[in-house]
Amino acid sequence: MSVQLRPADVIRRIVARVDLDQFTEQVLDSFWERPEYQRFRPLREDVRSWVRWNIELVIRWLVDDQPPGEADLERFRERARALAANGMPADIVPANFRRGARYAWTALLDAARDDERAALAESADLLFEFIDRVSQLFSDAYESTGPTISEDERRARALLGRACVAEEASGEDLQFAERIGFELSGAYRPFVLMAPAWSVQRHLSLAGRLRARHLLAVSEGRRVAGLSHRKVPWPELGVDPRAVIAQGHRTRRVELPDALDELRVVVEVAAREGRSGAVDPDDHLAELLLRRSPRLAARLRARVYDRLAAQDPELTRTLDTLIERDFDRGATAAALPVHRNTLTNRLNRVHAITGLDVDRADGRGLLWLAWLERGQSSP
């Protein structure tokens, strides 16, 4: 006679069999490249940590029968208020929750064995009750926090969205483009700018002023993005000199989503470095490569920094100091400060733990990329 499996036991078994880090990345991938999300999304590391916390919360509910408590719900409210204050549209996060939940549920069913699926199905109601509760929390928080969006801003966002997918402009789009003096033809030069100290409302106002100067510009929370037909003379438009600005080359419409996403990365990196004014996207090709391959970037960071931290945190500080001083051993030993022989011993340990040799070009390259990725992922 077969034994009836409890849903909680089945979930516990499946969780024990899967790699939760990899599962988190896959859930994140289920919505990360959505066009409507790309314009507003935070750092991937930030969202990854958030997704992992949600997964652990659901597992706790399904396995231990512990639903989210008030402290958990308040964390959701705080997250919603922060995203609303940064201009994230109200419908994006709940939609991402639903996509992530659908992916997660399908993955659980795929991971279940034949004798586990019947019991697993009983957990579906709890999972989607969780999604409904979270969606309602976000909606309630947005009602009291979100900025006021003008009709012109809404139309500009719709037009930019259609331009980025090479969709035919609607009659309303044509009227709007004519009114702001923006020609809907040919290739465009995408741009992104941000003033880190500015509020969402000031970025909204800046987008409006740029539209008045015949650019298709929209607010993306604490950024402004848009299209022009030529290189923009930013100082002549009265843009704050403390703003970080990146403008791309002439770009075909089918390539606009990728081009805009790359410019978002560039201004974000430049702002984190404390830079201002116009920045050249070609100066940040390494950061763009890492962002385009998040799984490989995470693997590289784990190979170097996770392994070093697990063995000896002092090796992490040593490697950081070496890279920050362009692999100059004399300057590194003086900065730590340690004897050069001590530095050599530490670097030999770095080689033994990571498999990467600081005296070889390929080793230096991968160590530098791991250092760069770690810096991008830090809050």
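The values are calculated or read from the model by the stated rules, or taken from the named source; none is laboratory data. Since the structure is predicted, the reported quantities are computational estimates derived from the model, not experimental observations. For neighbour counting, all protein chains shown are included, and Cβ atoms are generated from backbone atoms with ideal geometry for every residue, glycine included. Surface areas here come from the heavy atoms of the whole protein model, side chains and all, with no ligands, DNA or RNA. Shrake-Rupley method; radii C 1.70, N 1.55, O 1.52, S 1.80 Å.
Quick look at the numbers
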| read-out | value |
| --- | --- |
| Residue among His229, His203 that is closer than 21 Å to Glu36 by Cα, buried (at least 16 other Cβ atoms within 10 Å of the Cβ) and not hydroxyl-bearing (Ser, Thr, Tyr) | His203 |
| Residue that is most open to solvent (accessible area, probe 1.4 Å) [pool: residues in the range 113-149 that are over 27 Å from Gln201 (Cβ atoms) and of a type in the set (Gly, Ala, Ser)] | Ala118 |
| Looking only at the range 18-28, and only at residues there that are without any contact (Cβ under 8 Å) to a residue 40 or more places away in the chain and open to solvent by 30 Å² or more (accessible area, probe 1.4 Å), the one that is farthest from Gly87 (Cα to Cα) | Asp19 |
| Condition check for Val200: within 28 Å of Gly277 (Cβ to Cβ), β-branched (Val, Ile, Thr) and touching a Leu at 6+ places or on another chain (Cβ under 7 Å) | no |
| Any hit, the range 210-221, residues being in contact with a helix residue (DSSP H, G or I) (Cβ under 7 Å, 6 or more places away or on another chain) and among the hydroxyl-bearing types (Ser, Thr, Tyr) | yes |
| Given (1) part of a helix (DSSP H, G or I); (2) surrounded by fewer than 18 Cβ atoms within 10 Å (Cβ to Cβ), number of the condition Val58 does not satisfy | (2) |
| Among residues of the range 342-370, those that are part of a helix (DSSP H, G or I), under 16 Å from Arg307 (Cβ atoms) and open to solvent by less than 70 Å² (accessible area, probe 1.4 Å), counted | 10 |
| First in the range 273-293 and closer than 12 Å to Gly248 by Cα, second anywhere and among the small types (Gly, Ala, Ser), Cβ under 8 Å, 6 or more apart | Ala278/Ala246; Val279/Ala246; Val279/Ala270; Asp280/Ala246; Pro281/Ala246; Pro281/Gly248 |
| Residue that is at pLDDT 95 or above and under 23 Å from Leu296 (Cα atoms), where the choices are Thr354, Thr318, Thr332 | Thr354 |
| Where a residue in the range 346-374 is without any contact (Cβ under 8 Å) to a residue 24 or more places away in the chain and its partner, wherever it lies, is basic (Lys, Arg) and open to solvent by 50 Å² or more (accessible area, probe 1.4 Å), with Cβ under 9 Å and at least six apart | Asp357/Arg364 |
| Val200 vs. criteria within 30 Å of Arg79 (Cα to Cα) and at pLDDT 95 or above | no |
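So that you can scan it fast, the table gives a plain yes or no per residue for (1) more than 30 Å from Arg213 (Cα to Cα); (2) free of Cβ contacts under 8 Å to residues at least 24 places away in the same chain; (3) among the aliphatic types (A, V, I, L, M); (4) touching an Asp or Glu at 6+ places or on another chain (Cβ under 8 Å):
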residue: Gly87; (1), (2), (3), (4): no, no, no, yes
residue: Pro94; (1), (2), (3), (4): yes, no, no, no
residue: Thr106; (1), (2), (3), (4): yes, yes, no, no
residue: Ile131; (1), (2), (3), (4): yes, no, yes, no
